[in-house]
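Rule-based calculations on the coordinates, nothing more; no lab input. Since this is a predicted model, take the numbers as computed values, not measurements. Here the Cβ positions follow ideal geometry from the backbone for every residue, glycine too, while neighbour counts run over all protein chains shown.
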Amino acid sequence: QVQLVESGGGLVQDGDSLRLSCAASGFSISYYRMGWFRQAPGKEREFVAAISWSGGTTRYGDSVKGRFTISRDNGKNTVYLQMNSLKPEDTAVYSCAATKGTQAWVKAEYDYWGQGTQVTVSS
């Protein structure tokens, strides 16, 4: 059974940091580009970050560039999202996803999705 399970979310203050994890089971992430997306209440799901199979190439949404870092450990079948300098506008449910597609910033390209973890940043 294919599963992606996110963890590490929580309630933090403006300027704090969090590290999200996404553990995969039922398949090997080694063959997939991995991405993080987020969705705030009443808004569309937004691309946050993506990483290539090897981890050598990353891509970020404009709103998180310079603050967030995506990484992966294929041996642990896990993807991470380090979030620094968090802002209230980062508040959302963060989900990880897996794709074999080439446009990793496009949510429709993704094959598998996790349920998400809530991140709340207070001002």
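Within the same chain, lysines fewer than 8 places from LYS107 are excluded, and of the rest, those with a Cα less than 19 Å from its Cα are LYS43, LYS65. Under the criterion of Cα pairs below 8 Å and six or more residues apart, the relative contact order for the stretch 49-123 equals 25 percent.
Within 10 Å, Cβ to Cβ, of SER122, how many net charges do the neighbouring residues add up to if Lys/Arg are +1 and Asp/Glu are -1? Intermediate values should be presented prior to the final figure.
Values: positive: none; negative: ASP14, ASP16.
Summing Lys/Arg as +1 and Asp/Glu as -1 gives -2.
When only DSSP loop residues count, what trypsin sites (Lys or Arg not before Pro) in the stretch 72-121 have their Cβ near at most 16 other Cβ atoms within 10 Å? Walk me through the intermediate numbers first.
Details: sites: ARG72, LYS76, LYS100, LYS107; in loops: LYS76, LYS100.
Answer by residue number: LYS76, LYS100.
With an 8 Å Cα cut-off and a minimum separation of 6 or more residues, compute the relative contact order for the stretch 11-66 in percent.
Once normalised by length, the contact order is 24 percent.
Among the chymotrypsin sites (Phe, Trp or Tyr not before Pro) in the stretch 59-123, those located in a DSSP loop and surrounded by at most 15 other Cβ atoms within 10 Å of their own Cβ are TRP105. For the stretch 63-123, dividing the convex hull volume of the Cα atoms by the residue count gives 110 Å³ per residue.
Taking only alpha carbon atoms, the chain gives an Rg to Rh ratio of 0.94, where Rh is the Kirkwood radius. Of the GluC sites (Glu not before Pro) in the stretch 19-123, the ones in a loop by DSSP (not H, G, I, E or B) with at most 16 other beta carbons within 10 Å are GLU44. This model, with +1 at the C-beta of Lys and Arg and -1 at the C-beta of Asp and Glu, gives the stretch 17-123 a dipole about its Cα centre of some 140 debye.
Shown is the FRET efficiency for LYS76 and LYS43, computed with R0 = 30 Å from the Cβ-Cβ distance and rounded to the nearest 0.05: 0.45. In a reduced charge model with +1 at each Lys and Arg Cβ and -1 at each Asp and Glu Cβ, the stretch 27-89 shows a dipole moment near 40 debye about its Cα centre.
Based on the inverse mean of 1/r over its pairs of different Cα atoms, what is the Kirkwood hydrodynamic radius of the stretch 7-68, in Å? Show your work: numbers first, answer last.
Values: mean 1/r = 0.0739 Å⁻¹.
13.5 Å is the Kirkwood radius here.
For ALA108 and SER85, the FRET efficiency from 1/(1 + (r/R0)^6), where r spans their Cβ atoms and R0 equals 30 Å, is about 0.50. Compared with the alpha-carbon gap, the fully stretched path from THR58 to SER122 is longer by 20.2 nm at 0.36 nm per residue.
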